[in-house]
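Just below is one structure, and these are the notes that go with it.
The values are calculated or read from the model by the stated rules, or taken from the named source; none is laboratory data. Quick caveat, the model's predicted, so the values are computed rather than measured. FYI the Cβ positions are ideal-geometry reconstructions off the backbone, even for glycines, and counts take in every protein chain you see.
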């Protein structure tokens, strides 16, 4: 069996595990009927609702049904929204993806630029400034940074909207906030990778051949320095999707994170299972993609 | 007592807002036209008229899009809407004359059959889990007398018919019948002052004035209800001029809504915050003297001044104004008397669990009460609950000490007092007093207004002395309101845009 099909099987097992764990944890947190009906609803109303939601079936039957329907692309009806989970999740997921990918792009561009600059001018004030910037980026909590950006750019100067998602400029502040930590982490990785590569023999050879310095840096050296960055970047993308939860709340961004939080507090099992399963699916898919990419750009992986 | 983080998220947020105040604010003129935007903490989960889960924001939007036979005014009186008049033709039969010439926004006609269809829908699953018209009024039959007259028949005489009809919204019947539930919940069709033109879930509901509303087109033409979960973001939107009403400010952030564009408006709400005292939990709390001692031990006045910035008042009865007995007074702060009562009851140094969930300032309130109880020699133990779990514990009557809780914003003495009778499902602390039960039950079938009021006042006074709660305060309803807007706030959380106007 080759490398990729092994990965694929592993991915499917992970998803099965996640779905079962979510199912069990959700069921053990409490009774959604108690939260859905008014406390003075009649006993018959409660029972009718329990049947309506399918909660009168044994647990394993419920899980089996859930899995069978999930395979057919049906994640059930949300208790609270009275809508299909798939349409709810799809709607929100596209928003979260938009936010995560724009942040990812910002993080990549910024981190590579700053990382290379820091490596080229290492131990100068430029390097020091970039290091301070990355330290701050890592240390500052995202929600605080978000509030600061809102105060400066949305309340005082009014360049961007405070929150919401109705115009393209609404995306700027949340994406910047979200990208900060990834930018900082990746930047440090690029910097150390570049410093290492710039001292390598083949770079000296390239210089000896009289190639332009810019070509040496941005083509020869960067390609090598990026290898660890690719793995890291894949993980960062997954991380961006999951840490979007906090950012979504501050910027009132209608993403999947807020949907999941709401589903937890209202014990909306189908919605909770749906959001977790879909998020896990995205995470696993990204990892698979990174594995594949790695496989493509580094021949050494193909032989292991 | 548990110690919290050194800096909480709210404190950071407050620092951030304060910093903005220091920076000079641009004083640009703000738009006089443009939609009126209302920002709320919670999401609108459905717009089905019979699945309303909260007064705001779902209730506020539903009230804008649908009409009911009668509407509750802020002072608890009843305004005729789709009903023109009503009378109790027999003790168990209410007759309503309906408004002529009303149409739903899809062209369907409003008549008695529409009322009947809607009310019957409220009695089937899943709507009967939410709608309370049938169980609360004892409704048994709906009879059409003629196209504009309808009779509601109850199993026993009820004094609460109008109250519950105010939450009985009437949607276009054929549309409700023939449309799939998802669509009904997303694209509601009513006969109210507004129509929904766009709903982006988790983000916004966009409303447009209904030009053919029977009461005339409302003054404000375009309204947007936005969902902004983070409090500091709602305040920042208000300051940036992009939101006109920020709902649900906390007492400690209210002042930050006062800017050149907006001001904070507070009403002592109707939600009665209290520490429910479990009457079926730990032994000492079953003794009335101990429950009274807890009330003497807590200095509510000082808590209102310091913790809540004086934005509200201590509660003076279990019945909300204006129906309360004016002779009842809050318990004085008297720790010596509290200790004496404890000694008399023979419980002086017991451990007492204090639970809290999601209410505003829940942690602060619980910790302060704990400090007061420690001062009279008790051993308080604070327990924080995840909000969903907290509600479950409440409904299972499972707390065995005291718990920070608030009662919904009701304006109806009969409904309020019934909740603490021994077999009421929401009697969350297991309070059980047969004399009280008898009084409330008798009142609920007494149709003579004066006689009923006497019974209710007697019950109200009896329970106040019996202390099923540590009486705290009315949860203040604090709004940040744009200066361009003339907006009457209500104490029961509903935002009624058709009663608002733009200034100038």
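Looking only at region B:118-168, which residues are free of Cβ contacts under 8 Å to residues at least 60 places away in the same chain, more than 14 Å from chain A (Cβ to nearest Cβ) and not in a strand (DSSP E or B)? Passing the criteria: B:119, B:120, B:147, B:148. Scanning for something within 14 Å of chain B (Cβ to nearest Cβ) and touching a helix residue (DSSP H, G or I) at 6+ places or on another chain (Cβ under 8 Å), does region A:275-283 turn up at least one residue? Yes, region A:275-283 has at least one match. Of the candidates A:103, A:163, the single residue that is at the interface with chain B (Cβ under 8 Å from one of its Cβ atoms), more than 30 Å from residue A:67 (Cβ to Cβ) and under 25 Å from the mean Cα position of the chain (by Cα) is A:163. Restricting attention to region B:308-334, the residues that are more than 25 Å from residue B:455 (Cα to Cα) and surrounded by fewer than 17 Cβ atoms within 10 Å (Cβ to Cβ) add up to 4.
In region B:169-204, the residue that is surrounded by the most Cβ atoms within 10 Å (Cβ to Cβ) out of those that are touching a residue at least 60 places away in the same chain (Cβ under 8 Å) and over 30 Å from residue B:134 (Cα atoms) is B:202. Of all residues in region A:101-127, those that are farther than 15 Å from residue A:184 by Cβ and surrounded by fewer than 19 Cβ atoms within 10 Å (Cβ to Cβ) total 10. I need the full set of residues from region B:391-403 which are more than 10 Å from chain A (Cβ to nearest Cβ) and in contact with a strand residue (DSSP E or B) (Cβ under 8 Å, 6 or more places away or on another chain), in order please. If the condition is that a residue be more than 10 Å from chain A (Cβ to nearest Cβ) and in contact with a strand residue (DSSP E or B) (Cβ under 8 Å, 6 or more places away or on another chain), then B:399, B:400, B:401, B:402, B:403 are the ones that fit.
Applying the set (1) over 30 Å from residue B:183 (Cα atoms); (2) modelled with pLDDT of 90 or more to residue A:60 leaves exactly one unmet item: (2).
Among the residues of region A:33-92, those identified as under 18 Å from residue A:259 (Cα atoms) and assigned to a helix (DSSP H, G or I) are A:35, A:36, A:85, A:86, A:87, A:88, A:89, A:90, A:91, A:92. Tell me yes or no: at least one residue of region B:343-362 is on the phi > 0 side of the Ramachandran plot, out of contact with any helix residue (DSSP H, G or I) (no Cβ under 7 Å at 6 or more places or on another chain), surrounded by fewer than 16 Cβ atoms within 10 Å (Cβ to Cβ) and not in a helix (DSSP H, G or I). Yes, that holds for at least one residue.
Applying the condition of being assigned to a helix (DSSP H, G or I) and surrounded by 23 or more Cβ atoms within 10 Å (Cβ to Cβ) to region A:243-257 and asking which residue is farthest from the other protein chains (Cβ to nearest Cβ) yields A:244.
Has region B:211-221 got any residue that is closer than 28 Å to residue A:78 by Cα and within 26 Å of the chain's Cα centre (by Cα)?
There is no residue in region B:211-221 that is closer than 28 Å to residue A:78 by Cα and within 26 Å of the chain's Cα centre (by Cα).
Output yes when any residue across region B:296-314 is more than 22 Å from the chain's Cα centre (by Cα), touching a residue at least 24 places away in the same chain (Cβ under 8 Å), away from chain A (no Cβ under 14 Å) and in a loop (DSSP other than H, G, I, E, B), and no when none is. Yes, some residue in region B:296-314 is more than 22 Å from the chain's Cα centre (by Cα), touching a residue at least 24 places away in the same chain (Cβ under 8 Å), away from chain A (no Cβ under 14 Å) and in a loop (DSSP other than H, G, I, E, B). Residues in region B:422-442 that are at pLDDT 90 or above, surrounded by 15 or more Cβ atoms within 10 Å (Cβ to Cβ) and touching a helix residue (DSSP H, G or I) at 6+ places or on another chain (Cβ under 8 Å): B:431, B:433, B:436, B:439, B:440, B:442. Just to be sure before I move on: is residue B:14 at pLDDT 80 or above and more than 8 Å from every other protein chain (Cβ to nearest Cβ) in the structure I sent? Here the answer is no, as residue B:14 does not meet what is asked. Listed here are the helices (runs of 4 or more DSSP H) enclosed by region A:128-232 that have at least 3 residues being surrounded by 20 or more Cβ atoms within 10 Å (Cβ to Cβ) and at pLDDT 90 or above: A:142-149, A:172-198.
Taking residue B:223, is it crowded, with 22+ Cβ neighbours inside 10 Å, outside any helix (DSSP H, G or I), in contact with a helix residue (DSSP H, G or I) (Cβ under 7 Å, 6 or more places away or on another chain) and within 13 Å of another protein chain (Cβ to nearest Cβ)? Judged against the criteria, residue B:223 is not a match. Regarding residue B:492, is this residue touching a strand residue (DSSP E or B) at 6+ places or on another chain (Cβ under 6 Å) and farther than 25 Å from residue B:161 by Cα? Against the criterion (touching a strand residue (DSSP E or B) at 6+ places or on another chain (Cβ under 6 Å) and farther than 25 Å from residue B:161 by Cα), residue B:492 does not qualify.
In region B:178-199, how many are touching a strand residue (DSSP E or B) at 6+ places or on another chain (Cβ under 8 Å) and either within 14 Å of another protein chain (Cβ to nearest Cβ) or in a strand (DSSP E or B) (or both)? So the answer is 10.
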